[in-house]
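Reading through the structure tokens given below for one structure.
The values are calculated or read from the model by the stated rules, or taken from the named source; none is laboratory data. Keep in mind that this is a model prediction, so the values were computed, not measured. With ideal geometry, Cβ positions are generated from the backbone for all residues, glycine too; neighbour counts draw on all protein chains shown. Side chains included, ligands, DNA and RNA excluded: accessible areas come from the protein's heavy atoms. Shrake-Rupley method; radii C 1.70, N 1.55, O 1.52, S 1.80 Å.
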Amino acid sequence: MKCFLAIFQLSVAGGALTIGCIQSATSQTAVSPQRMKVLGEVDPRFVSYNVEAVEVTGGRFWAPYKAAAEKAASGSDTHSGNQPAGLDSSLFQYRSPIDLSNPKLRKLAAELGPAYVRVSGTWRNATYFQNNDDPPLKSPPEGFNGVLTRAEWKGVVDFAKAVNADLVASVATSAGTRDANGVWTAVQAKPWLDYTKQIGGQIAAMEFMNEPTLLSFGGVTKGYDATSFGRDAKIFGAFLHREAPGTIYLGPGSAAEGLPLPSMPGGRHLEIVSTDDLMRATGPIFDAFSYHFYSMPSHRCLGVSGADPTQVLTPEWLDRNLTVYNFYAKKRDAYLPGKNLWLTETGEGSCGGDTWAADFADSFRLLDQFGSLAQRSVKSIMYNTLASSDYGMLDEETLQPRPNYWATVLWKRTMGTRSLDPGVVPAKNVRIYAQCMKDSNGGVTLMVLNLDETSEALLKLPVAGERYSLSSPDIFSQTVLLNGKELRVGQDGTLLSIRGEASKPGTTKFAPLTITFVEMPSAGNRQCVR
């Protein structure tokens, strides 16, 4: 069915928000921003990010697609053998330790505050903490694959303080941390945590091991299983509550469940230790339930079996996020009823992301994830990564912001912590979310994702406001326009020209393939009065 300037309107007290279409009709229910009901509540640090441990120490992380495979496996790339077991070395490229003191990086990261910065990842499982101020070890001790120096960790703590971020982390769990019987000990965790306190740092939340559902990649000893994990997670939990009683114990940190598992090149399949087995082994020891989500492994790991870029704006692609959320929410309800959910690692695709992870096309997926999980009170979403590989918010060489950085900044500036029901029936090509407006008493912010390639969407707004519309001349590019003007950053990291434009009451058009935030400070929603 098609329509021409069709408008569907319902008048209600306090004004009506009306939805319509040009060229294609969508059956959506009119709602009032004044009367929107609360759906969920999130942490002020809801939108957060990862700096992988291997970025801090230097080592072999996912090679950008532009880097030739031979470069990734030769020359300077031979400086470290610290990479996950069982994967082709050409997938990785050596990086020197990230400079977290860089003023531009700090200024850009501060725009994302308040946030959590999570320093973990598969590499952290086998990273040795060198608890002295001697020159860095040239090779890690037996039972480890990498080395974290005091200076590097102090750089993390100082960075977090400078950018208004609280730390989230995990500990080393590889063979070097274990006694003669293979049982985990705090031989590494204790001096690392003590040093953190010594330099004025604090860990807000901690997982024991990164992704225990993928033990074959995690650097554990042969024969390590769910029962072993349960035993060690209990030991670590007792240690954590004794040494850092204010730190939230997150777990289990599951990944790679809830969706069909793709085959790796050569027919290899991921070996999964189920969350059910892990949670039966641990019991209800965690303060909150943590999990990871990626839409699927990237082409870097899957080759031709990877995702089809022509499908990344489809409901099927976007809804993979909620499929996995629903899977883990059921596990939380079964094993940790009443506890919060944290998404401690996420991005477009695992294995460093696909090529379009750095393009505007992925910003629709990202913001749909923010909106849908805020409705479900997921307390925090930690994007992977801030500035490394193709899925980094920032280009790792130039620190130039990519589209997902700009999208995140707009969310941070306009959306509060309380999610509202927009009262709109979801349409195939238009998704609308609402939150209490940030720093406003009674204000409401709408986020409108128009995924249609040709048709405008219409909203009849009941009150005046300010709108911020993101677009791109090519969604598979890194160019981002705000209200028609390209977003830019100064050489020092200052964000230039982020200004909204007036939105008058009445019918408002939302162009195809745009993301728009509309702030309505005079909406008068009592649910948004603090």
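Which condition number does Leu87 fail, the rest of (1) without any contact (Cβ under 8 Å) to a residue 60 or more places away in the chain; (2) part of a loop (DSSP other than H, G, I, E, B) being met?
(1)
Does Pro262 satisfy the condition of being within 23 Å of Lys330 (Cβ to Cβ), at pLDDT 95 or above and not in a helix (DSSP H, G or I)? Write out each step before concluding.
Details: within 23 Å of Lys330 (Cβ to Cβ): yes; at pLDDT 95 or above: no; not in a helix (DSSP H, G or I): yes.
For Pro262, the condition - within 23 Å of Lys330 (Cβ to Cβ), at pLDDT 95 or above and not in a helix (DSSP H, G or I) - is not met.
Which one is farthest from Arg45 (Cα to Cα), of the residues in the stretch 381-416 that are open to solvent by less than 10 Å² (accessible area, probe 1.4 Å) and of a type in the set (S, T, N, Q)?
Looking at the filtered set, the residue picked out is Ser389.
Restricting attention to the stretch 509-530, report how many residues are in a strand (DSSP E or B) and surrounded by fewer than 20 Cβ atoms within 10 Å (Cβ to Cβ). Steps first, please.
Residues of the stretch 509-530 that are in a strand (DSSP E or B), as a first pass: 509-510, 514-520.
Filter once more, keeping what is surrounded by fewer than 20 Cβ atoms within 10 Å (Cβ to Cβ): 509.
Residues that pass the stated criteria total 1.
Just to be sure I understand the filter: pairs with C-beta atoms under 9 Å, separated by 6 or more residues or on different chains, first member in the stretch 97-112 and within 13 Å of Met393 (Cα to Cα), second member open to solvent by 40 Å² or more (accessible area, probe 1.4 Å) and part of a loop (DSSP other than H, G, I, E, B). Which pairs pass?
Matching pairs, first to second residue: Leu105/Ile98; Leu105/Asp99; Ala109/Asn164; Leu112/Asn164.
Which condition breaks for Ser216 when tested against (1) out of contact with any strand residue (DSSP E or B) (no Cβ under 8 Å at 6 or more places or on another chain); (2) at pLDDT 95 or above?
Looking at each condition in turn, Ser216 falls short on (2).
Which count do you get for residues in the stretch 144-157 that are part of a helix (DSSP H, G or I) and open to solvent by less than 50 Å² (accessible area, probe 1.4 Å)? Outline the logic, then answer.
Restricting attention to the stretch 144-157, the residues satisfying the condition of being part of a helix (DSSP H, G or I) are 150-157.
Checking which are open to solvent by less than 50 Å² (accessible area, probe 1.4 Å) leaves us with 150, 152-153, 155-157.
Total satisfying the criteria: 6.
Being without any contact (Cβ under 8 Å) to a residue 40 or more places away in the chain and of a type outside the set (Gly, Ala, Ser) is the filter here, so list the residues in the stretch 165-184 that pass it.
If we filter the stretch 165-184 for residues that are without any contact (Cβ under 8 Å) to a residue 40 or more places away in the chain, which is where we start, we get 177, 179-181.
Scanning the stretch 165-184 gives Thr177, Asp179, Asn181.
Need the failing condition index for Ile98 against (1) part of a loop (DSSP other than H, G, I, E, B); (2) at pLDDT below 95, just the number.
Tallying (1) part of a loop (DSSP other than H, G, I, E, B); (2) at pLDDT below 95, Ile98 fails exactly one: (2).
Taking the condition in contact with a strand residue (DSSP E or B) (Cβ under 8 Å, 6 or more places away or on another chain), modelled with pLDDT of 95 or more, part of a helix (DSSP H, G or I) and within 15 Å of Val38 (Cβ to Cβ), does Gly371 pass?
On the way: in contact with a strand residue (DSSP E or B) (Cβ under 8 Å, 6 or more places away or on another chain): yes; modelled with pLDDT of 95 or more: yes; part of a helix (DSSP H, G or I): yes; within 15 Å of Val38 (Cβ to Cβ): yes.
When the stated conditions are applied, Gly371 passes them.
Suppose we filter the stretch 417-442 for residues that are surrounded by fewer than 24 Cβ atoms within 10 Å (Cβ to Cβ), closer than 11 Å to Gly40 by Cα and in contact with a helix residue (DSSP H, G or I) (Cβ under 7 Å, 6 or more places away or on another chain); how many remain? Let's see the steps before the verdict.
Residues of the stretch 417-442 that are surrounded by fewer than 24 Cβ atoms within 10 Å (Cβ to Cβ), as a first pass: 417-418, 421, 423-431, 438-442.
With the extra rule that they be closer than 11 Å to Gly40 by Cα, the set shrinks to 417-418, 421.
If we keep only those that are in contact with a helix residue (DSSP H, G or I) (Cβ under 7 Å, 6 or more places away or on another chain) too, we end up with 418.
Of the residues in that region, 1 qualify.
Taking the stretch 336-367 on its own, how many of its residues are in contact (Cβ under 8 Å) with a residue 60 or more places away in the chain and either assigned to a helix (DSSP H, G or I) or open to solvent by 40 Å² or more (accessible area, probe 1.4 Å) (or both)?
Residues flagged as in contact (Cβ under 8 Å) with a residue 60 or more places away in the chain and either assigned to a helix (DSSP H, G or I) or open to solvent by 40 Å² or more (accessible area, probe 1.4 Å) (or both) within the stretch 336-367 amount to 8.
Among the candidates Leu449, Leu461, Leu481, which residue alone is in contact (Cβ under 8 Å) with a residue 40 or more places away in the chain and within 26 Å of the chain's Cα centre (by Cα)? Don't jump to the end; show me each part of the working.
Working: Leu461 fails: within 26 Å of the chain's Cα centre (by Cα); Leu481 fails: in contact (Cβ under 8 Å) with a residue 40 or more places away in the chain.
From the options Leu449, Leu461, Leu481, the qualifying one is Leu449.
How many residues are crowded, with 18+ Cβ neighbours inside 10 Å and either part of a loop (DSSP other than H, G, I, E, B) or in contact with a helix residue (DSSP H, G or I) (Cβ under 7 Å, 6 or more places away or on another chain) (or both) if we restrict to the stretch 278-294? If you could, list the steps in order and put the result at the bottom.
Applying the first criterion (crowded, with 18+ Cβ neighbours inside 10 Å) to the stretch 278-294 yields 278-279, 281-282, 285-294.
From what's left, either part of a loop (DSSP other than H, G, I, E, B) or in contact with a helix residue (DSSP H, G or I) (Cβ under 7 Å, 6 or more places away or on another chain) (or both): 278-279, 281-282, 285-287, 289, 291, 293.
Residues in the stretch 278-294 being crowded, with 18+ Cβ neighbours inside 10 Å and either part of a loop (DSSP other than H, G, I, E, B) or in contact with a helix residue (DSSP H, G or I) (Cβ under 7 Å, 6 or more places away or on another chain) (or both): 10 in total.
From the list Ala160, Ala172, exactly one residue is assigned to a loop (DSSP other than H, G, I, E, B), of a type in the set (A, V, I, L, M) and crowded, with 19+ Cβ neighbours inside 10 Å. Which is it?
Numbers: Ala160 fails: assigned to a loop (DSSP other than H, G, I, E, B).
Going through Ala160, Ala172 in turn, the sole match is Ala172.
Can you name every residue in the stretch 189-221 that is more than 24 Å from the chain's Cα centre (by Cα), within 18 Å of Ala172 (Cβ to Cβ) and assigned to a loop (DSSP other than H, G, I, E, B)?
Within the stretch 189-221, Val220, Thr221 qualify.
If a residue must be without any contact (Cβ under 8 Å) to a residue 60 or more places away in the chain, part of a helix (DSSP H, G or I) and surrounded by 19 or more Cβ atoms within 10 Å (Cβ to Cβ), how many such residues does the stretch 300-316 contain?
1
Take Thr445 and decide whether it is surrounded by fewer than 19 Cβ atoms within 10 Å (Cβ to Cβ) and part of a strand (DSSP E or B). So that I can check it myself, show each step before the final result.
Working: surrounded by fewer than 19 Cβ atoms within 10 Å (Cβ to Cβ): no; part of a strand (DSSP E or B): yes.
No.
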